[in-house]
1. Can you pull out the residues in segment 96-140 that are in contact with a Leu (Cβ under 8 Å, 6 or more places away or on another chain) and either under 21 Å from E237 (Cβ atoms) or at pLDDT below 90 (or both)?
2. I need every pair where a residue in segment 271-296 that is over 15 Å from M214 (Cα atoms) has its Cβ under 7 Å from the Cβ of a residue that is among the hydroxyl-bearing types (S, T, Y), sequence separation at least 6 or different chains.
3. Can you tell which of Q73, Q103 is within 24 Å of F353 (Cβ to Cβ) and not acidic (D, E)?
4. I'm checking my understanding of the structure. Among residues of segment 245-266 that are within 17 Å of E332 (Cβ to Cβ) and small (G, A, S), which one is nearest to the chain's Cα centre (by Cα)?
5. Checking S251 against (1) modelled with pLDDT of 85 or more; (2) within 22 Å of Q283 (Cβ to Cβ): exactly one of these is not met. Which one?
6. Check segment 131-138 and report whether any residue there is more than 30 Å from L213 (Cα to Cα) and in contact (Cβ under 8 Å) with a residue 24 or more places away in the chain.
7. Can you name every residue in segment 109-140 that is more than 24 Å from P240 (Cα to Cα), of a type in the set (S, T, N, Q) and part of a helix (DSSP H, G or I)?
8. Out of the residues in segment 382-437 that are aliphatic (A, V, I, L, M) and out of contact with any helix residue (DSSP H, G or I) (no Cβ under 8 Å at 6 or more places or on another chain), which is nearest to A488 (Cα to Cα)?
Amino acid sequence: MAISPDWAAVAPTLVLVATAFVLFAYDSIDPDSSNNPVLAGIAFVGALAAMGVSAVYLVAGVGDPAVELYGGQLVVDGMALFFQFIFTSVTALVALASYDYLQDIDHQAEFYSLLLLAAVGMSLMASAGSLAVGFVALELASLPSYALVAFLKRNRGSVEAGMKYFLIGALSSSVLVYGISLVYAVSGSLLLGDVADAVTGTGLPGVLGVGVLMVLGGFAFKTASVPFHFWAPEAYEGAPAPVSAFLSSASKAAGFALAFRVMVVAFPIEGVVGAIDWVLAVQILAVVTMTLGNFAAATQENVKRMLAYSSVGHAGYVLIGLAALTGTGDAEIVLGSGMLHLLVYGFMNTGAFLFIALAEYWGVGRTFEDYNGLAKRAPLACVAMTVFMFSLAGLPVGGGFVSKYYLFAGAVNAGVWWLALVGAVNSALSLFYYSRVVKAMWIEEPASGVDVSSYPSTLYAAVIAAAVATVVLLPALGLFSGIAFDAAAVFF
């Protein structure tokens, strides 16, 4: 569906920008506001409006054919809109939950502004049509994220996590931009399509190979893939729980959105295989990431840190979307399956971290033992957490079961059945540590000294909404699968 004028295609991004400016304006009028429902309301409504626009555009077929702006620097197509729907839905849930979590904490306007600006960067990452725009958008998403992680300025863990995240992020950005410079040296262009035309049969395969590997390493950092994952457990554990939810879901999806577009469009494997077989590199990356992430998660005693390593493991599952592009299977199904898993993951993982925020609100500790008997005090919230845990493990209680099935089936169809086998074994392992949370909540005797007499309305509502979305996506994921597969098919 064509849309006029062309700039209207970026409406989801413009809504997020407008919301951030409204927050700035409101804060200039009332700079000393604290625990203000207006701030949370502005951020929530703005993110919800952007989500609605992206959903309407997807259903209406906007982006088919793709809308190109600024000479192809920005591209709005089905994939961009699909990922923008993921970013905005996570942002809306986090904005809703943060009202209660940030109770009596100062500088709340700054928190919501940073949240919206990070979402703007992620939205632009999904629409990047050139390596330059992709890098600038990644920095726009990263810089507010550093501040969000360190937002609790009087909390040593939060500040330390923000510093580590910033330092490792700066290093990874340097690696990425240097890789981009090498690709430019070979291709003479930063536009993804022009790069693809120039690198095919290039006379500088060594330079191109190093450049592609460095670009891939930059994406691996953003997606918390091994061995560039070291920042994730520290950042997720030290950050405020809603920020951990935002980073582990929306930020990870943004990294994959940019990686999918750049690797498939700019570096078609049949054109660069003489310089670097990046599909083989991603296969190794996927196996190591899912295996190390799950084994590390299984050894944790801290629930929040367990979810952080679990997030690393799920990055390995999504990498199958690139690792199975062997040219022998249906490429659009493989890549689309990665998109579908990120959609479901956005709800179930965000909900899990928001449940931790809810537990922290009640004064519950972070170890498995601290969750003992919590279901007897807060049964509905624990039902939601049970849904998140089992869906993350791939059991048929939520959309995670269907998205993993698509991923593993796509890998088998592409001839890399061993990749699906490794994924299935890791999913079975993940059930061990996810079930520890469920066992503690429902079977163990209640811990003493925990008061859940108060129910924070918005935080509670965000957890329940995420659980409902996770369950609904089990039968409804088929509605999104056609959109995801069609969006991925454009690249092939």
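1. Of everything in segment 96-140, those that are in contact with a Leu (Cβ under 8 Å, 6 or more places away or on another chain) and either under 21 Å from E237 (Cβ atoms) or at pLDDT below 90 (or both) turn out to be A97, S98, Y99, D100, Y101, I105, Q108, A109, F111, L114, L115, A118.
2. G271/T200; T289/S225; M290/Y317; G293/Y309; G293/S310; N294/S430; A296/Y309
3. Sole residue among the options that is within 24 Å of F353 (Cβ to Cβ) and not acidic (D, E): Q103.
4. A257
5. (2)
6. no
7. The answer is S127, and nothing else.
8. Filtering segment 382-437 for residues that are aliphatic (A, V, I, L, M) and out of contact with any helix residue (DSSP H, G or I) (no Cβ under 8 Å at 6 or more places or on another chain), the one nearest to A488 (Cα to Cα) comes out as L421.
The values are calculated or read from the model by the stated rules, or taken from the named source; none is laboratory data. Quick caveat: nothing in here was measured; it's all calculated off a predicted structure. Cβ sites come from the backbone with ideal geometry, for glycine too, and all protein chains shown count toward neighbours.
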